[in-house]
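The values are calculated or read from the model by the stated rules, or taken from the named source; none is laboratory data. Note that the coordinates shown come from a computational prediction; the quantities given were computed from them, not determined experimentally. Because the Cβ atoms are built from the backbone with ideal geometry, glycine has one as well, and the counts that use them run over all protein chains shown.
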Amino acid sequence: MNLVSSKMSEVWIRQDKDQAVIQIDKVLAMPKPLQRRAIQLILNYLYLERPSSLSALHIDQLLVLFLNPQPSAELHLPEGLIAEKSYQTCTFRFFRQKSREYSLKLQIPGETILPNGYKIKAHYIKEEIPVLRGNDSFILPESAVQFPLTVRTRNEGERMAVKGLGGTKKLKDIFINEKIPMLERNVWPVIIDQTGTAIWLPGLKKSNVEPDIISDEKSLIYLEYKKA
């Protein structure tokens with residue numbers, strides 16, 4: 001176990017009480033005998049006492065789960081432990097995390113703290129136009145939307161007119177293309193205006209509300225998505 005134990009630091013993404021997240025490709029990069037031992041260490045971490053019903057069959061099932069070509073799949077293990085695969089990560093938990101829906105009025109100017117550990121800072125551009133930082137910032141002409149703006153979780157089937165695309169795209173498809181794990185999709189912020197139109201998916205995609213050429217003649221708002 002010493003050899004595999006030394007490799008586990010690369011495998012763990014998160015270790016909390018009743019929950020762990022691992023990097024699947026790091027496990028599969030090990031020789032096959034070490035893969036099984038790595039899974040044993042993961043299960044030993046999660047189970048305070050090894051269930052009598054836990055067997056080598058469950059380790060085989062976990063390996064099959066890891067190798068499953070589908071981006072999302074799950075396996076139910078003894079005593080309510082769930083292994084949920086999402087792309088190259090697998091989350092082990094003893095409960096099903098409920099979707100944490102939220103809807104918050106965006107503070108302009110000000111900061112809006114989000115449940116996912118991030119915040120959105122907003123201010124009016126008075127002089128020099130700030131440098132855009134990819135999809136983590138957004139410049140919004142005040143006349144282009146109806147206020148107030150709201151930050152909330154996504155709705156089923158919701159679409160956005162993606163900047164540079166020339167059409168709309170489902171938020172679900174954006175999440176899939178960006179390989180966002182299912183649990184993160186359910187709490188990812190969506191910025192909408194008063195009409196309910198999605199105008200920004202912070203950190204991922206902007207709508208065509210942000211102009212290609214930023215003019216300092218208009219009343220502009222600068223939004224930034226960053227760690228709280």
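Could you identify the single residue in Leu114, Leu132, Leu140 that is in the same structural domain as Tyr222 (by TED's automatic domain parsing) and farther than 16 Å from Glu210 by Cβ?
After ruling out the rest, the residue left standing is Leu114.
Can you report the number of residues in segment 17-28 which are surrounded by fewer than 18 Cβ atoms within 10 Å (Cβ to Cβ) and either in a helix (DSSP H, G or I) or in contact with a Lys or Arg (Cβ under 9 Å, 6 or more places away or on another chain) (or both)?
Residues that pass the stated criteria total 5.
Of all residues in segment 88-146 being part of a loop (DSSP other than H, G, I, E, B) and among the aliphatic types (A, V, I, L, M), which is nearest to Leu28 (Cα to Cα)?
Leu114
What pairs come out if I take residues in segment 171-200 that are assigned by TED's automatic domain parsing to the domain that holds Pro115 and surrounded by fewer than 18 Cβ atoms within 10 Å (Cβ to Cβ) and pair them with residues that are assigned to a helix (DSSP H, G or I) and charged (D, E, K, R) whose C-beta lies under 8 Å away, six or more apart or interchain?
Listed by first residue and then by second, the contacts come to Lys172/Arg185.
Inside segment 32-77, can you point out the residues that are part of a strand (DSSP E or B) and either among the aromatic types (Phe, Trp, Tyr) or out of contact with any Asp or Glu (no Cβ under 9 Å at 6 or more places or on another chain) (or both)?
Listed by number, the list holds a single entry, His76.
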